[in-house]
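To start, the structure under review is shown below, and the notes come after it.
The values are calculated or read from the model by the stated rules, or taken from the named source; none is laboratory data. Everything quoted here is computed from the prediction, not taken from an experiment. Cβ: placed from backbone, ideal geometry, glycine included. Neighbour counts: every protein chain shown.
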Amino acid sequence: MKYNTVFTFLIALSIFACKEAPLVITKIEGKQIPIKDTLKINQSIEDIIKPYRDKVNNDMNEVISYAPETYSKSNGNLNTAIGNLMADIVYEQGNFVFNKRTGKNIDAVILNHGGIRSIISKGNITTRTAFEVMPFENSIVVAALKGKQVDSMMQYLSHAKRAHPVNGIKLTLNKDFGITEALIQGKAIDANKTYYIATNDYLYNGGDRMRFFRPNDSLYVLDYKIRNAMIDYFKRVDTINPVIDNRFTQTK
């Protein structure tokens, strides 16, 4: 019995001793392969892809509206024509869905200046235009906020000093960026009232440091991408006409 125990121990010891040490990566090498026109096309793959590529290009190049001017987010101080257009689209298209589902109306919209990723060039607006301006998958959400949180939103805008797209508000700052007037739908903000503020899911979750959305009374997810709202709006409007107005301004 004693010999069997010793024999078993020796076998186990030899197994563990023969185990190889774990492999460790000590070096990784790679090289860059530039994609050039000189690369040979795999014709069999090209034959499969081409019909789909042609259809996507045809869809993307479909003319759906017209821009009488070129609109850029750098063209303006605290509000820009293209930013106003974006906020107005979210309000008009989003409110249709929101009202149909809840019987309520959106009171205001806030988006972010950095979310506008391209200009809208003078001339034909295509589906591709919407993808260029809004390449992200951001969707419209509506948060129910008390007036105190809406006050925080106004303070955020005054401190940001940027042309974040807004709709439904009138915010006026003095020369030192202090708030001299803040209205929602033309009325003073009621601290105890619930306001329905539309934004996108990225900002609702704290993007661009917009932390005033939490906590809230409720959240309504519209399952409606901003890009799709733009496309629907462009198809509905023959010629866009966004302008810089007095929704967010600063006095001298």
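When you check residue 123 against the structure, is it under 24 Å from residue 77 (Cβ atoms), surrounded by fewer than 14 Cβ atoms within 10 Å (Cβ to Cβ) and modelled with pLDDT of 95 or more, yes or no?
No.
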* Could you give me the residue pairs with C-beta distances under 9 Å whose first residue belongs to the range 174-201 and is farther than 30 Å from residue 222 by Cα, whose second residue is part of a loop (DSSP other than H, G, I, E, B) and hydroxyl-bearing (Ser, Thr, Tyr) wherever it lies, and which are 6+ apart or on separate chains? => 174/251; 175/251; 180/251
* Somewhere in the range 192-202, is a residue more than 21 Å from the chain's Cα centre (by Cα) and either within 21 Å of residue 77 (Cα to Cα) or surrounded by 21 or more Cβ atoms within 10 Å (Cβ to Cβ) (or both)? -> yes
* **Subset tally (residues that are surrounded by 10 or more Cβ atoms within 10 Å (Cβ to Cβ) and either on the phi > 0 side of the Ramachandran plot or at pLDDT 75 or above (or both)) for the range 1-46** => 2
* In the range 79-99, is there at least one residue being over 19 Å from residue 201 (Cβ atoms), part of a loop (DSSP other than H, G, I, E, B) and touching a residue at least 60 places away in the same chain (Cβ under 8 Å)? -> yes
* Asked: So which residues in the range 17-76 are aliphatic (A, V, I, L, M) and in a helix (DSSP H, G or I), if there are any at all?
  -> 17, 45, 48, 49, 56, 60
* Going by the structure shown, is residue 220 over 20 Å from residue 162 (Cβ atoms) and either within 12 Å of the chain's Cα centre (by Cα) or in a helix (DSSP H, G or I) (or both)? -> no
* Residues that are more than 28 Å from residue 221 (Cα to Cα), out of contact with any helix residue (DSSP H, G or I) (no Cβ under 6 Å at 6 or more places or on another chain), surrounded by 12 or more Cβ atoms within 10 Å (Cβ to Cβ) and of a type in the set (Ser, Thr, Tyr), drawn from the range 48-100 -> 66, 70, 72
* Structure fact -> Within the range 217-241, residues buried (at least 18 other Cβ atoms within 10 Å of the Cβ) and either farther than 17 Å from residue 133 by Cα or of a type outside the set (A, V, I, L, M) (or both) come out as 220, 222, 224, 225, 227, 233, 234
* What is the residue count in the range 204-217 for residues that are assigned to a loop (DSSP other than H, G, I, E, B) and either more than 18 Å from residue 105 (Cα to Cα) or among the charged types (D, E, K, R) (or both)? -> 6
* Asked: Looking at residue 170, is it modelled with pLDDT of 95 or more, crowded, with 17+ Cβ neighbours inside 10 Å, among the basic types (Lys, Arg) and closer than 27 Å to residue 215 by Cα?
  -> yes
* Matching residues, the range 128-151, being assigned to a helix (DSSP H, G or I), surrounded by fewer than 20 Cβ atoms within 10 Å (Cβ to Cβ) and touching a strand residue (DSSP E or B) at 6+ places or on another chain (Cβ under 9 Å) -> 132, 147, 151
